[in-house]
Amino acid sequence: MTIKKEYLELTRLVERLHRRFLDVLRVELNRMDVRDVNSVQALLLANIGDEKIIIRDLVERGYYQGSNVSYNIKKLVELGYLDQERSTHDKRSVSVSLTDKARHVVARIRELEERNAQALDDAGLDGGALDSVAVALRRVERTWTDYIHYG
């Protein structure tokens, strides 16, 4: 069964790509002389973007993949990157939004994304090819989600 080899390679590649992307963010943060935020936290800020989002939704929407979201949120609030607000209706529900300090970092991350997209295009990897990869990865994600929910 030839797909087994490709499947195993894909699972390892996905993990390596994620780690490599965090490395790219780390390098960009260093170039910006931002030393108080790590790459995981910067990615979290970028995923929040212009939204005011409930912390619980960060994980549910896939904006945050780690196990210590509370720690990172607390740290980002302390460092002045996030504003935090408790719901008036449900005191357990806390929403966060970016501060101006965070918006500056996110703007630079968006510029980085544009440069990287252009570099891929310059290397001959067009939107159609990337779309095909995204479709395949979403199918893998769906398969894994179905396995988790239905066995």
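Overview of results
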| read-out | value |
| --- | --- |
| Yes/no for Ile53 being surrounded by fewer than 20 Cβ atoms within 10 Å (Cβ to Cβ), touching a Ser or Thr at 6+ places or on another chain (Cβ under 8 Å) and within 26 Å of Arg142 (Cα to Cα) | yes |
| Residue in the range 67-83 that is surrounded by 13 or more Cβ atoms within 10 Å (Cβ to Cβ) and modelled with pLDDT under 90 present | yes |
| Pairs with Cβ under 6 Å, 6+ apart, first in the range 35-56 and under 17 Å from Gly80 (Cβ atoms), second at pLDDT below 90 | Leu44/Tyr64 |
| Qualifying positions in the range 24-57 - of a type in the set (A, V, I, L, M) and assigned to a loop (DSSP other than H, G, I, E, B) | Met32, Val34, Val37 |
| Residue check for Ala119: within 19 Å of Glu28 (Cβ to Cβ), out of contact with any Asp or Glu (no Cβ under 6 Å at 6 or more places or on another chain), surrounded by fewer than 11 Cβ atoms within 10 Å (Cβ to Cβ) and of a type outside the set (Val, Ile, Thr) | yes |
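One line per residue, one yes/no per condition, for (1) in contact (Cβ under 8 Å) with a residue 24 or more places away in the chain; (2) under 23 Å from Thr145 (Cα atoms):
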{"position": "Leu25", "(1), (2)": "yes, no"}
{"position": "Asn30", "(1), (2)": "no, no"}
{"position": "Val59", "(1), (2)": "no, yes"}
{"position": "Ser95", "(1), (2)": "yes, no"}
{"position": "Glu111", "(1), (2)": "no, no"}
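The values are calculated or read from the model by the stated rules, or taken from the named source; none is laboratory data. All figures in this text were calculated on a predicted structure; none of them were measured in a lab. So basically every Cβ, Gly included, is an ideal-geometry build from the backbone, and we count neighbours across all protein chains shown.
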